[in-house]
Amino acid sequence: MTQDELKKAAALAALEYVEEGTIVGVGTGSTVNHFIDGLAGMRDRIVGAVSSSEASSRRLAGHGIPVIELNDVESIPVYVDGADEIDAALCMIKGGGGALTREKIVAAVASRFICICDASKQVDVLGTFPLPVEVIPMARAHVARELTRLGGRPVPRAGFVTDNGNLILDVHGLRITSPTNLETAINQIAGVVTNGLFALRGADLLLVAQPDRVLRLSAA
Ligand code: 5RP
């Protein structure tokens with residue numbers, strides 16, 4: 001199976017966790033695109049979706065799935081999203097697609113976070129994938145200096161502006177042994193909107209596709 005076929009297998013396995021008659025939280029990325037395409041097959045059985053990016057909103061709308069504003073929603077039973085890295089405690093690095101802030105907001109409202117990915121995303125220690133940090137443009141240099149002080153090597157993501165009009169610094173060279181501490185520390189830097197560590201609110205369930213089956217793993 002190709003990596004994309006594995007992503008699709010994980011994504012389709014998540015459909016069974018979608019509760020009929022509810023609003024579904026939808027993440028961003030190539031794995032989630034397969035989930036959205038699968039969700040189209042049950043669009044008459046859900047109220048709609050809250051989306052974490054303009055790209056996912058467009059794909060949902062293209063399938064005729066109502067996209068609902070988060071401010072109009074009181075609860076989201078299930079949020080489905082991919083990850084760039086995930087560890088055994090189901091802490092993640094996310095934001096490879098630059099949608100980390102909206103992803104973190106929708107995940108905060110959701111009762112259950114289901115992560116979908118292929119096995120290449122599983123790691124013992126987070127940090128090989130550069131950690132994305134969304135930054136207010138005028139704070140870029142200050143935040144970069146502070147991230148360097150924390151031991152990372154921040155690199156501005158060239159030519160990229162988030163859906164919120166901000167910049168991304170991708171932080172290389174981190175070996176993240178305390179994800180909750182680092183998530184908190186980075187978020188204290190003035191000018192940081194949020195960072196791509198999802199440790200304070202990690203996944204509740206991981207659906208990870210292998211060539212012969214989709215494994216279901218809860219946090220260790
Ligand atoms: C986007 C994300 C994605 O979930 C992450 O980058 C994984 O993407 P893909 O499913 O394309 O491998 O966090 O901001």
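The values are calculated or read from the model by the stated rules, or taken from the named source; none is laboratory data. As the structure is a prediction and not an experimental result, all values here were calculated from the model. We place every Cβ from the backbone using ideal geometry, glycine too, and count neighbours over all the protein chains shown. All accessible areas refer to the heavy atoms of the entire protein, side chains included, with ligands and DNA or RNA removed. Shrake-Rupley method; radii C 1.70, N 1.55, O 1.52, S 1.80 Å.
Checking each residue in segment 1-30 for being among the β-branched types (V, I, T), within 16 Å of the ligand (Cβ to nearest atom) and open to solvent by 10 Å² or more (accessible area, probe 1.4 Å) picks out T2, T28.
Only one of the numbered conditions (1) farther than 16 Å from A219 by Cβ; (2) within 14 Å of the ligand (Cβ to nearest atom); (3) open to solvent by less than 20 Å² (accessible area, probe 1.4 Å); (4) touching a Gly at 6+ places or on another chain (Cβ under 8 Å) is not met by V135, and that is (2).
Checked against (1) more than 17 Å from the chain's Cα centre (by Cα); (2) more than 13 Å from I93 (Cβ to Cβ); (3) open to solvent by 10 Å² or more (accessible area, probe 1.4 Å), D163 meets all criteria but (1).
Can you confirm whether segment 176-190 contains a residue that is surrounded by 21 or more Cβ atoms within 10 Å (Cβ to Cβ) and either of a type in the set (D, E, K, R) or without any contact (Cβ under 8 Å) to a residue 24 or more places away in the chain (or both)? Looking through segment 176-190, at least one residue is surrounded by 21 or more Cβ atoms within 10 Å (Cβ to Cβ) and either of a type in the set (D, E, K, R) or without any contact (Cβ under 8 Å) to a residue 24 or more places away in the chain (or both). Does G64 satisfy the condition of being open to solvent by 10 Å² or more (accessible area, probe 1.4 Å) and part of a loop (DSSP other than H, G, I, E, B)? So G64 passes the test. Examine segment 191-201 for a residue that is among the polar types (S, T, N, Q) and open to solvent by 40 Å² or more (accessible area, probe 1.4 Å), and state whether such a residue exists. Among the residues of segment 191-201, not one is among the polar types (S, T, N, Q) and open to solvent by 40 Å² or more (accessible area, probe 1.4 Å), which makes the answer no. Helices (runs of 4 or more DSSP H) fully within segment 90-200 that include at least 2 residues being among the charged types (D, E, K, R), farther than 24 Å from V26 by Cα and at pLDDT 95 or above: 140-149. Beta carbons closer than 9 Å, at least 6 apart along the sequence or on distinct chains, pair a first residue in segment 42-57 that is free of Cβ contacts under 8 Å to residues at least 12 places away in the same chain and on the phi < 0 side of the Ramachandran plot with a second that is open to solvent by 10 Å² or more (accessible area, probe 1.4 Å) and of a type outside the set (G, A, S) for S57/V67. Take the conditions (1) part of a strand (DSSP E or B); (2) touching a residue at least 60 places away in the same chain (Cβ under 8 Å); P77 misses just one of them, which is (2). Residues of segment 81-109 that are open to solvent by less than 10 Å² (accessible area, probe 1.4 Å), more than 8 Å from the ligand (Cβ to nearest atom) and over 23 Å from A9 (Cα atoms): V106 alone. The single residue among S120, S51 that is polar (S, T, N, Q), within 16 Å of the ligand (Cβ to nearest atom) and more than 25 Å from N187 (Cβ to Cβ) turns out to be S120. For segment 36-66, residues that are within 25 Å of T101 (Cβ to Cβ) and not β-branched (V, I, T) total 18.
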